[in-house]
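This report concerns only the one structure given below.
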Amino acid sequence: MARLSGKFYRRDAVALARALLGQVLVRVGPDGVRLAGRIVETEAYLGVADRAAHSYGGRRTARNAAMWGPAGHAYVYFVYGMHYCMNVVAAGPEDPSAVLLRALEPLAGLERMRLQRAAGRAVVLPDEALCSGPAKLAQALGLDRAFDGADLVHGERLFLERGVRIPPTRIVAAPRIGVDYAGAWAERPLRFYVAGNPHVSRHFSR
């Protein structure tokens, strides 16, 4: 499949969050194993004005530096002392907005994903539980801070390929998850997912 171009990412976070649905995230392991999944759930974070964004109020740190850079790069952060989450940087330099990837529908490398998600536990996870949440997605694909700032247009280890177009009628807009601290921003419908898709995060708690 063809990769998404740099131009694809240079749009506001809401437009990008919608456009990313149906596209394919690819992670190529050190041994050449290809892990891939179709994006089925996203959340938009609108930068300086957005109380839920890491860049709210113009905050600029070593942790969120990728948000302030060019579109089409990864912003990977560590949260709660245990999880990694991956965002796609939107807009352009000095407009620190991004899209959190919340869930994938696994397409390739499922057995490797299953092993990485199990993390030594004696459990066999169903396909629907492999990438049904931002932390699960990162664990399944083996993503950590080493991928922060990765070029998704030209990179060889992590990139996006053109997938399928999701009709607007199948895209559901809802409030973001886990941002109750953001006041009125917590109620804004900035979470987007494919209606009826069994891989969306809210359906699974494992």
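Rundown of residues vs (1) touching a Lys or Arg at 6+ places or on another chain (Cβ under 8 Å); (2) part of a helix (DSSP H, G or I); (3) at pLDDT below 95, yes/no style:
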{"position": "A140", "(1), (2), (3)": "yes, yes, no"}
{"position": "E156", "(1), (2), (3)": "no, no, no"}
{"position": "L160", "(1), (2), (3)": "yes, no, no"}
{"position": "G163", "(1), (2), (3)": "yes, no, no"}
{"position": "A173", "(1), (2), (3)": "yes, no, no"}
{"position": "N197", "(1), (2), (3)": "no, no, no"}
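Of all the residues in the range 12-32, those that are over 15 Å from the mean Cα position of the chain (by Cα) and surrounded by 14 or more Cβ atoms within 10 Å (Cβ to Cβ) number 3. Residues of the range 101-122 that are under 20 Å from S201 (Cβ atoms) and part of a strand (DSSP E or B): L101, R102, A103, L104, E105, P106, L107.
Every residue, every condition in (1) buried (at least 17 other Cβ atoms within 10 Å of the Cβ); (2) in contact (Cβ under 8 Å) with a residue 40 or more places away in the chain; (3) over 19 Å from M67 (Cβ atoms); (4) not hydroxyl-bearing (S, T, Y), yes or no:
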residue: M86; (1), (2), (3), (4): yes, yes, no, yes
residue: E94; (1), (2), (3), (4): no, no, no, yes
residue: V153; (1), (2), (3), (4): yes, yes, no, yes
residue: I171; (1), (2), (3), (4): no, yes, yes, yes
residue: G178; (1), (2), (3), (4): no, no, no, yes
residue: Y181; (1), (2), (3), (4): no, yes, no, no
residue: V194; (1), (2), (3), (4): yes, yes, yes, yes
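L125 falls short of the stated requirement of being closer than 18 Å to A17 by Cα and either assigned to a helix (DSSP H, G or I) or not basic (K, R) (or both). All of (1) surrounded by 16 or more Cβ atoms within 10 Å (Cβ to Cβ); (2) under 17 Å from the mean Cα position of the chain (by Cα); (3) charged (D, E, K, R) hold for R112 with one exception: (2). Identification of strands (runs of 3 or more DSSP E) wholly contained in the range 9-100 with 1 or more residues that are closer than 17 Å to R176 by Cβ yields 34-45, 74-79, 83-89.
The values are calculated or read from the model by the stated rules, or taken from the named source; none is laboratory data. This is a predicted model, so every value here is computed, not measured. So basically every Cβ, Gly included, is an ideal-geometry build from the backbone, and we count neighbours across all protein chains shown.
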